[in-house]
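Take a look at the structure below.
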Amino acid sequence: MKEVDDIVSEYKRAKRRYRLVARSSISKMLKRYCSRWYGVALLALIGWTCGVVVLVFASRLDSGVDLNYKLPFISKSKHLKKLSQADLDHFASTIRLNYTVLENSYKGKKLFLAEILLTNTGRKVLPAGGWAIIFSQPYTLEPEQFPYPDGVEKREFGVRFHFFSGNVYRMTPISGFRPLAPGRVKAIRFVSEHHCVSRTDVHPNWYFTGPNLQPRIIESTRGESLDFVAPFNRSGLWKRNIIKGDKDYDWFHPFTPADRARRLKVQDLGRAPTPVIPTPVEMVSYNPRSTLTIDPSSWVIVSSPSLANEARFLSDHLGVQMTIRQPGRSYIALVEAGVQVNASPQSQTQQTQSQTRLVLEEAYDIEVNPRLSTIIIRAPSPSGAFNGVQTLLSLRSLNGTIPEVRIRDAPRYRYRGLMLDVARNFHSKERIFRYLDVMAMYKLNKLHLHLTDDEGWRLEIPGLEELTQVGSQRCHDLKEQTCLLPFLGSGPFTGPPGSGFYTVADYRDILRYAASRHIEVIPEIDMPAHSHAAIAAMEARHARLAALNFTEAARFLLSDLQDESKYLSIQSFNDGAVNPCLRSTYTFINRVLTSLVSMHRDISPLRTYNFGGDEVPKGTWQKSPVCAQLRQSGVSAEPKRYLASQIANMTSLYNLDLAAWEDGITSQGQPMRRNEFPNRNVYVYTWNNVWEWGGMKHAYEYANKGFKVVMTPATNLYLDHAYEPDPEERGLFWATRYSDTKKVFSTMPENLYLNADTYRSGLNITICQGPDVENQCPTLNKPENIEGIQGSLFGELLRTQWESDFMLLPRMLALAERAWHKAPWEAESDPRRMQQGMESDWQRFSNSLGHRELSRLDRLGFQYRLPPPGAEIVDGFIQTSVTFPGLPVEISDDAGSTWRSADGQNILFDPSKSYQLRTRAPFGERFSRVIYLTNMASAHFSALNYGIVCNMAALTVMVGCVF
């Protein structure tokens, strides 16, 4: 890294200066004392002292003491001046900020030690005051001293840190901070909770601010490269817990090329064995050697009147005209008709008659006949016909040919969903359109839109303008009067991804686009927790109107202004919970609810309202006067339960189904009673299945109690988690260290307990054993209440479109496969045969992705994740492999200057060389993360951390002083 080189250069300059002084002194002393007996002793003492000075110098750097006043040849700034805007602009562009994690499991606790290096590369002295640096991070800083309303001082570094809700921090210089001269380095250390094991754990866009000055982003931290974060180049940095003997010791290591080859190697079948993903239930016939090509100038589309919209969709995609009269040949017919699907006994699910009817409403039958030049799609409903249309588009090759085939198909689950978090970081309307397109391609039919959270409110509600004027914007306003705080590295200015919202027209456009693809949009307005944005917006409204009309000002207020409760959410918000005891809370909910009903009415009537309900922190509302009054009035239910009951009553008046995350329907650790909810259906999204936490039973518990269950287990279907346990991989890891495409593919929704593989630490786990097995792993007695599965993509780390694409794809294809198709191996009772069946099925699926589906995504511009290749040295030759056969692998032996194909090549391994490998996309110039293959046992990282460089430099100077 350039930063390391600069530090090394600084030490070399210091070494040269000290050696010049030392040589001059030693030369004089040699002449005078060399002939005397104590001369040698004196010289030894001088050398030892010189070495100690430099070692102290290095250790001072390590401990953060400013180099600016520890070396005599570095000038001092003797006065403090007021900064101008030009000064602040200069410092933002010339103060280089670097972030280094020094140690996880700091002092044997769930803490990590980090260091900020400020290097002055400019021409001006950074003064000892008049500025601050604002930044955000995922974890609470100095947690052992929290809370600290007046900030926490780090006197040894001359700075104070101030906490703002949601882990936004202001770092200001205090007494003891010495001005930072040009060319000098300032190190500052702090402790944070938990661990930091990935580059993307650090947020970008740190910025300078000063009194009456416009904030400026520190250029070295700008954007998504995160180059200012030092490498995680040893196990103490990439492991979450390094305490030997601790039950949570982290056993994961980043995959080596050989690890990847052994774990993910798949036989290349040379083709896509399955012409359609997700896999159809019944492939009656398939002859890939017999094909037809649709000529838009001669082919037509005819349809039953009820299927005209689906015919129009197909016409738009193929450029083929629609007509009323059916010709003798060269036509595509969409026919409304019943379909019988003969599922094999192994893949049948236990279903009630009503649920089977729901699934069969989406069935289709497609027949492609090249001899007659006809394609006929039969379906009992428009949604079934649309599924048939998507299968036809999937069958069409890149050159336009379609094979002879007969398919009868129907979905496994009625609910095949994707949750998109647009609250943490905003997704434009156009990006939502793209994801609706890819959902439709793979027959997903439910878009759960997470529209609100602590960090943003993303939907216009007429009459509550502050929700979008304040609640949808993030900028530099630490009092949150005009915008929210700059959460999640969004920086000091409004604009994407931190700021943005859907107007009523935008939202209706999304509904219209989704409805044309038979996708139901389920809006989520998350409360009572995760509501900081709404609370701040309504407090801004209250402040605006209070002087004019107190009654109207308080009409939609969501917080008890006299509440002195102390709490902190998982995301470190201390003001993010709506107060369920306020009447105005329900006035607010009713306004939002009626607005949503109105927006949906003439496009896709609102059927389900999701109120979130998750992660309410302990201590909330304990000192709320209005909650005390509510209890005194005879309401015995806890506030969260009271809120759920009230929302259920309100939504039932609109004949709506109710939905929530599992903890929203939980009271005192137990599921609420189904009869507490008057709604026709109550959908529970079960997510908290972390094996060692005991939550794996929740899905079956809720189903057995009569709730409709949508399974989105975090260990398998949270698509925001990293693909690999590597510090260079984007993603979270709180539920499981990593979750790749194969893990999503291997999920068994109807055998949840069999999905248990490892603890979060990496050790194998065994569950459902012992005398308490029925309580630990209850049996699913009402399988008819399992509605389906959903992948969830939370957006804390996703600030750009390519990052969202990367995390979503290709895992979403595996999600679609499991939501639509029940594989025979899922029903195997023998674990060995089940594993063999899964591996064989994965080979088929991965070849279909590599040889076909990823090319389709490429053509549509999706920037899906390209998995790095595996590599082994076999009989002296480099042997490569890739997760999705068909993706090209390239190799370089000149540090990436030139690349050549490694596919099918006999490349002799030269131990004197270092090789780089990467996977390439089928189209365009997109590549995977580069991996390294050397003759070293561990070839992950080659850069030294600066601490080693410092110690080596100190040792060099010490030796120079002696000799």
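Laboratory data are not the source of any read-out in this text; all were calculated from the coordinates shown. Every value quoted in this text rests on a predicted model; they were computed, and no experiment measured them. All Cβ positions, even for glycine, are placed from backbone atoms using ideal geometry, and neighbour counts span all protein chains on display.
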Problem set entry | Antiparallel bridges, percent of DSSP beta bridges restricted to the chain (to nearest 5) | 60
Problem set entry | Inter-site label distance for Glu638 and Ser840 at 7 Å from Cα along Cβ, in nm | 4.9
Problem set entry | Leading residue at positive end of dipole, the chain (Cβ point charges), from Ala114, Met439, Met672 | Ala114
For this session: Can you tell me the dipole magnitude for the chain around its Cα centre, using point charges on the Cβ only (Lys, Arg +1; Asp, Glu -1), in Debye to the nearest 20?
Result: 3180
For this session: For the stretch 410-484 and the stretch 561-624, compute the distance between their C-alpha centroids and round to whole Å.
Result: 16
Problem set entry | Which of Tyr932, Phe909, Leu887, positive extreme of dipole for the stretch 826-942 (C-beta unit charges) | Leu887
For this session: Place the peptides 843-855, 107-119 in order of packing, highest mean first, counting for every residue the other Cβ atoms within 10 Å and averaging per peptide.
Result: 843-855, 107-119
Seminar exercise, completed: Scoring only Lys, Arg, Asp and Glu (+1, +1, -1, -1) among other residues with Cβ under 12 Å from the Cβ of Arg680 yields +2
For this session: Grab the other residues whose beta carbon is less than 13 angstrom from that of Glu925, score K and R as +1, D and E as -1, and report the net.
Result: +1
Exercise. Taking 0.36 nm per intervening residue step and subtracting the Cα-Cα distance, what contour gain separates Lys107 from Arg271 on full extension?
Worked result: 53.6 nm
Seminar exercise, completed: Rounded to 0.05, the calculated FRET efficiency for the beta carbons of Ser897 and Asn233 at R₀ = 22 Å is 0.40
Seminar exercise, completed: Cα-based Rg and Dmax for the stretch 415-822, in Å, come out at 20.6, 67
For this session: Only bridges with both residues in the stretch 415-822 count here: give the DSSP antiparallel percent, nearest 5.
Result: 10
For this session: Per DSSP H run of at least 4 residues, take -39500 (n - 2.57); add these up for the chain, divide by its residues and hand me the 222 nm value, nearest 500 deg cm²/dmol.
Result: -9000 deg cm²/dmol
For this session: Report the extension gain between His317 and Gln469 in nm, rounded to one decimal, defined as 0.36 nm multiplied by the number of residues separating them, less their alpha carbon distance.
Result: 50.8 nm
Exercise. So for the chain, taking the charge dipole from beta-carbon charges (+1 Lys/Arg, -1 Asp/Glu), which of Asn610, Gly158, His194 sits furthest toward the positive end?
Worked result: Gly158
For this session: Please work out the Kirkwood hydrodynamic radius for the chain, using every pair of different C-alpha atoms, and report it in angstroms with one decimal place.
Result: 31.1
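So, R0 is 56 Å and r is the distance between the beta-carbons of Asn369 and Val597; what FRET efficiency does that work out to, to 0.05?
0.75
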Exercise. Mind checking the angle between helix 429-441 and the chain's longest principal axis? C-alpha axes, 0 to 90 degrees, to the nearest 10.
Worked result: 50
For this session: Run the quick spin-label model on Lys479 and Asp772: label points 7 Å from Cα toward the beta carbon, then report their separation in nm to one decimal.
Result: 5.3
Problem set entry | Cβ crowding within 10 Å averaged over residues, with 437-447, 901-911 ranked highest first | 437-447, 901-911
For this session: Rank-order 916-922, 806-812, 371-377 by packing density, defined as the average count of other C-beta atoms within 10 Å over each peptide's residues, highest first.
Result: 806-812, 916-922, 371-377
For this session: Kindly work out what percent of the DSSP beta bridges joining two residues of the stretch 282-409 are antiparallel, to the nearest 5.
Result: 60
Exercise. What nm value, rounded to one decimal, do you get for the distance between Asp757 and Lys566 when each label is placed 7 Å out toward the C-beta?
Worked result: 4.3
Exercise. Taking R0 as 45 Å, what's the FRET efficiency between Gln622 and Ile243 from their Cβ-Cβ distance, rounded to 0.05?
Worked result: 0.85
For this session: Report, to the nearest 10°, how far helix 382-395 tilts away from the longest principal axis of the Cα atoms in the chain, using its own Cα long axis and a range of 0 to 90°.
Result: 60
For this session: Compute the length gained on full extension between Thr401 and Lys82: take 0.36 nm times their separation in residues and subtract their Cα-Cα distance, giving the result in nm to one decimal.
Result: 107.7 nm
